[in-house]
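Contents: one structure, followed by commentary.
The values are calculated or read from the model by the stated rules, or taken from the named source; none is laboratory data. Just so it is clear, the model here is predicted, and its values are computed rather than measured. Virtual Cβ from ideal backbone geometry, glycine too; neighbours counted across all protein chains shown. All accessible areas refer to the heavy atoms of the entire protein, side chains included, with ligands and DNA or RNA removed. Shrake-Rupley method; radii C 1.70, N 1.55, O 1.52, S 1.80 Å.
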Amino acid sequence: MICQKAMSKGTELIELGEIVEVFSVPPHPRGISLEGKLVVLKPLKASDYSKELFEANSLDREGLNWTYLHYGPFETEVEYANWIRSFERGDDPIFFAIISKKLDKAVGIASYLRIKPNDCSIEVGQINYSPLLQNTTEATEAMYLMMKWAFESGYRRYEWKCNALNLKSRRAAQRLGFSYEGIFRQMSISKGRNRDTAWFAVIDKEWKDVEQCFVQFLEDENFDGEGKARVSLSSLTKPLLYKIDNQDII
């Protein structure tokens, strides 16, 4: 890709963006499965995973996981299963059940959404990690697998958006190598409340270096006998960020 200065207006030079010389429309993620060393991501189906996920989510006794999600909480498994069925056959979002190989059951969900193959742009979001998945290496690997598929499939932009009040999500985005892009004020109304949205993204030019951070972090040698990482992922990705969120956030 090259930058082209294509026209002038009087003495003023008008600069255009990069020319995308080679462009292939990437595939849609519907129907795919992803597998790593620790987790498998499979299309989310109520018949397969609603029971396991409802039970795993029920471990969140105070219901804090639902605070910034536009969906939930669900009082019964039937209600949760019906929610899953509402998008099972849709094309956007595409949800996955995150299955722990160690526990041999589904322990969280995540989705691709705002899927725009013609623009080579895709977002990861609507993530709900049960207490069984939170703060685990499995959780990190799940995000790595989704990002890896997107870029290896030809997407140029991989987005992360969250409620601007959700500081944990803003920190998580940067830990995973997403650069901060700003706040969209009054972007939507969620559960009857105003939502300002924080935007983050990784682009294809950054992916090779970001991937090496994941590879280094996920190596067996990076974990001690108690499973604690010797080198944190955030320490590896922070130098790569195009722009950093407010210092009090990270």
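So in segment 49-73, with the set limited to residues that are at pLDDT 95 or above and over 22 Å from Val124 (Cα atoms), which one is surrounded by the fewest Cβ atoms within 10 Å (Cβ to Cβ)? Filtering segment 49-73 for residues that are at pLDDT 95 or above and over 22 Å from Val124 (Cα atoms), the one surrounded by the fewest Cβ atoms within 10 Å (Cβ to Cβ) comes out as Leu59. Here the condition is being touching a residue at least 24 places away in the same chain (Cβ under 8 Å), in contact with an Asp or Glu (Cβ under 9 Å, 6 or more places away or on another chain) and open to solvent by 30 Å² or more (accessible area, probe 1.4 Å); of Glu88, Glu77, it holds for Glu77 alone. One residue stands out in segment 235-248 among those that are open to solvent by 60 Å² or more (accessible area, probe 1.4 Å), of a type outside the set (S, T, N, Q) and in a helix (DSSP H, G or I): the one that is nearest to Thr140 (Cα to Cα), namely Lys238.
Looking at the structure I just gave you, is Leu167 within 30 Å of Pro117 (Cβ to Cβ), touching a residue at least 12 places away in the same chain (Cβ under 8 Å) and of a type in the set (A, V, I, L, M)?
Values: within 30 Å of Pro117 (Cβ to Cβ): no; touching a residue at least 12 places away in the same chain (Cβ under 8 Å): yes; of a type in the set (A, V, I, L, M): yes.
For Leu167, the condition - within 30 Å of Pro117 (Cβ to Cβ), touching a residue at least 12 places away in the same chain (Cβ under 8 Å) and of a type in the set (A, V, I, L, M) - is not met.
For segment 77-125, what are the residues that are acidic (Asp, Glu) and closer than 28 Å to Gly154 by Cα? Working first, answer last.
Filtering segment 77-125 down to residues acidic (Asp, Glu) leaves 77, 79, 88, 91-92, 104, 119, 123.
The answer is Glu88, Asp91, Asp92, Asp119, Glu123.
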